[in-house]
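I have placed the structure first, in the form of structure tokens, so that the comments after it can refer back to it.
Values in this text are rule-based calculations from the coordinates and carry no lab data. Not measured: the values here are computed from a predicted model. Cβ sites come from the backbone with ideal geometry, for glycine too, and all protein chains shown count toward neighbours.
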Amino acid sequence: MQRSLTMATVTPSQPLSFDLLSGFTTGFCIEKIVSSATQSEFQTQAPQGLLIVGCGGQQELQEKWVCDVINQWETRTALNKGDGLPSFYTRTEGSALSEVIRKCRSVGSLLPVQKLLMTNDQSAANLNDRSRLFVITRFHRISKNESDQFLASLCIDFLLENSSLLVVTLPSHPTTLDLHPALASRLCAGFLLPISTHTPCVEKIPQRSSALNTSQGSKVQASHKKIRQEIDRKTTDAIKKIIRTVARHFDVLPDDITSNSQRRCHVRPRGFAMYCVREMTNLSSHDIGRNFGRRDHSTVLHSLKVTTNIIQQDQSAWADLQEIISTLQLTK
């Protein structure tokens, strides 16, 4: 009851910004962990760990957010060292986790993940202490192999069972990435925090959704009007140039964009490429479809509609579009 009164006196006095939302979410999780660790009734049966997923934002902003979470963890747990609460935390990266997953497959167990939980100042004796923070940055860099991603979902379950707080960073919402359904569902089960993007093109975007669609649509058109004078329209070379730029940005092959593949990692870049071709050239939907694997115009129109909605609703997608446009301008 006393905590509720404290929250009530703080919340209305400040606007709901990302920093405030992140601070409240992280503070709530850490406070719950500390209170659970210092109460005797939780020592017989350890509670399930808590998961916080930071989505979107530039890499430096993700790094700043992770450092803030670690600082909150160390500051709060340091106050309870007298109660025997350690402040262990372990940090790794998505590509490093992939190597651990491959080891898990070779040995047929999750023992490599258990070793990953141990820091230099820990031993097997205190590994049973769950009061630790585990951070995985750039989680999307794990292997795209489906079996590896399924093992990654089991690793998340194991980490939540053996650590108090698991923090993950992703370039966008888990459902927009090419992840195994089991892995995406586990990531969506945590606290999802959209990391703010403090780039000039995003800061000008209004906060209200009704004004957001109108403002972003006009900005996209204004940006592309300048490029229309720089890119040679109605030529195959211009379309190939856009496809190569989009493929390089999303780390796929140009043939993947023009192929019939329906994988999420290919469908999204294909939609971006079609969107750029439509905005930067005078080609009709029929002409666009012929240059994207001989697709019919209805398929092109559907892809353009889906891509437009993604760009208007997802700030990371909007940032992807701006980066693609900048690359096309620089590679004139």
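Values as computed for the structure displayed
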item	result
Relative contact order, percent, the range 127-197 [alpha-carbon distance under 8 Å, six or more residues apart]	40
Neighbour-count ranking [beta-carbon atoms within 10 angstrom, fewest first] of ASP296, ASP256, ASP68	ASP296, ASP68, ASP256
FRET E, pair GLN313, GLU161, Förster distance 35 Å, beta-carbon r, rounded to 0.05	0.50
Sorted by Cβ neighbour density within 10 Å, fewest at the top, the residues PHE139, PHE24, PHE292	PHE24, PHE292, PHE139
Mean Cβ count within 10 Å, highest first, over the residues of peptides 161-168, 28-35	161-168, 28-35
HN-Hα J in Hz across the range 261-276 - Karplus 6.51, -1.76, 1.60, θ = phi - 60°, x for Gly and Pro	4, 10, 5, 4, 5, 9, 5, 5, x, 4, x, 5, 5, 4, 4, 5
Distant-in-sequence amide H partners of GLY56 (H built 1.01 Å from N, under 5 Å)	LEU170, SER172, ILE195
Förster radius 25 Å - calculated FRET efficiency between PHE150 and ARG264, Cβ distance, rounded to 0.05	0.95
Phi to ³J(HN,Hα) by Karplus 6.51 cos²θ - 1.76 cosθ + 1.60 over the range 54-67, Hz, x for Gly, Pro	x, 10, x, x, 6, 4, 5, 6, 4, 5, 4, 5, 4, 5
